[in-house]
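Student: Before I ask anything, let me first share the structure, which is written out below as structure tokens.
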Amino acid sequence: MNRQGRAETALWISSAPLRISLAGGGTDVPSYADRFGGVVLGTTTDLRVTVVGRAGGASPVLRACLDTCATAPSAEALPNPFARAALDRHWTGDPLQLTSFSAVAGGTGLGSSAAFCAALIGGLTAARGGRHGGLRGMELAEAAAGIETDALNRPVGKQDQYLSVLGGFHELRFGTDGTVEAEHLDVQPSVVRRLDEELLMFFTGVTRDAGAVLAAQGNRVGARDRETEARLHEMKELTAVVRKALEGGDLCRLGEAMGRHWELKQGLSSKVTLPGVDRAYREALAAGATGGKLLGAGGGGFLLLHVPARAQSEVRGVVAAHGMTEQPFGLDDRGHEVHLLEGTAGR
């Protein structure tokens, strides 16, 4: 029994998807959104982060195989800061075993830390509440966002958590008062199929801390740097261009808009790009890609390109020549999911 006298679900599996941001990324960061309001348009992939939890177990109270395996008497002793903060807020303190799996490494621009927090919190709260309980939807997204923005005080926005929890194409609007509005976009299945075929993703081989990359942007916005503000204003406006391209099935226009977004983003901080990535990107464009961008805050991670079918063989060749590895993926509109496998919670 836990401290509230409720029986924990014995075993749960909770997962959340990794996301791709198509336009507006960076305008959700509080340094900008709190002054001007932000807009981000993105969607989710079939690449997921999964957390498995089992109540009970021998002492010590907590055993977690996350980045590394650790046994501890409390959450504070775990090496993973996201797990520490999430458990501090949402764990009852009863014996618990945790294991996590991810389709890609962390720090690669796909929102893996947000997906991990959403999956962990979703599982912990569902185990207490049973099949019809636990945090879900916007409430779960806000709780997951609070781990990074409040508990860990990282200079990041909330797009990753909301996209991951909700799943599918969404336009997110971030108010100056901290509120978030989410609008689901009904992209035609034929357009989604073409996106699956024409969006290619390559791992640069470099991981990075998104918070460190975004800190420089935040400092410039905080200092009222007009060039930085102008770049972010245009990046926000590109969400309307991308939305129109998706609605009309104009994927070449989508690629061009992603490319313009990348050009603007490179001027936000010297940490956003790398010389090798710039060379690979230029050669990909010359080989037939219409445009693309580093996902997430930049500085490494995954390079997303729009490439018409006729140019894909050549583009794959020039990018591979720079030592980048292609990451197969598809688009998937499933958001957070949790399954309770052994027993149900009850009084």
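Bear in mind these aren't lab numbers, they're just calculated from the coordinates by the rules spelled out. Keep in mind the model is a prediction, meaning the values are calculated, not measured. Virtual Cβ from ideal backbone geometry, glycine too; neighbours counted across all protein chains shown.
Student: Output needed: Cys residues of the chain lacking any neighbouring Cys C-beta below 4.7 Å, sorted by number.
Tutor: By the Cβ distance rule, which asks for a partner under 4.7 Å, the isolated cysteines are Cys117, Cys252.
Student: Once the Cα atoms of helix 112-129 and of the chain are each reduced to a long axis, what angle between those two axes, in degrees from 0 to 90 to the nearest 10, is obtained?
Tutor: So the inclination is approximately 30 degrees.
Student: Using the 10 angstrom Cβ neighbour count as an exposure proxy, how do Met235, Met324 rank, fewest first?
Tutor: Numbers: Met235 25, Met324 22.
Going from least to most buried by this count: Met324, Met235.
Student: Let me ask something else. Which of the lysines could a cross-linker bridge to Lys265, judged by Cα under 20 Å and excluding same-chain residues fewer than eight apart?
Tutor: Qualifying lysines at Cα under 20 Å: Lys158, Lys236, Lys293.
Student: Continuing with the same structure: Calculated from DSSP H runs of 4 or more alone, at -39500 (n - 2.57) each and per residue, what is the 222 nm mean residue ellipticity of the chain, nearest 500? Write out the running numbers ahead of the final one.
Tutor: Values: 11 runs with 137 residues, N = 347.
Here the helix-only value at 222 nm equals -12500 deg cm²/dmol.
Student: Bin width 10 Å, alpha-carbon pairs only: give the P(r) of the stretch 94-152 as whole percents, running from 0 to the bin holding the largest distance.
Tutor: 21, 48, 30, 2
Student: Oh, and also: Within a 10 angstrom radius of the beta carbon, how do Lys244, Lys293 rank from fewest other beta carbons to most? Please list the in-between numbers first.
Tutor: Numbers: Lys244 13, Lys293 30.
Ordered by Cβ neighbours within 10 Å, fewest first: Lys244, Lys293.
Student: For the chain, take the longest principal axis of its alpha carbons; what is the angle in degrees between that and the long axis of helix 210-222, to the nearest 10 within 0 to 90?
Tutor: 70
Student: Using +1 at the Cβ of each Lys and Arg and -1 at the Cβ of each Asp and Glu in the chain, identify which of Gly24, Ala64, Leu152 lies farthest towards the dipole's positive end.
Tutor: It is Ala64.
Student: Would you mind telling me which residue in Ser113, Ser190, Ser15 has the biggest mean-square fluctuation in a Gaussian network model of the chain, where springs connect alpha carbons within a distance under 10 angstrom?
Tutor: Fluctuation is largest for Ser190.
Student: Nearest 10 degrees, 0 to 90: what angle lies between the long axis of helix 275-287 and the longest principal axis of the chain (Cα atoms)?
Tutor: The angle comes out at about 60 degrees.
Student: Follow-up question, since we're still on this one. Return Val29, Val318 ranked ascending by Cβ neighbour count within 10 Å, so the fewest neighbours appear first. Each step should come with its number before you reach the end.
Tutor: Working: Val29 24, Val318 20.
Ordered by Cβ neighbours within 10 Å, fewest first: Val318, Val29.
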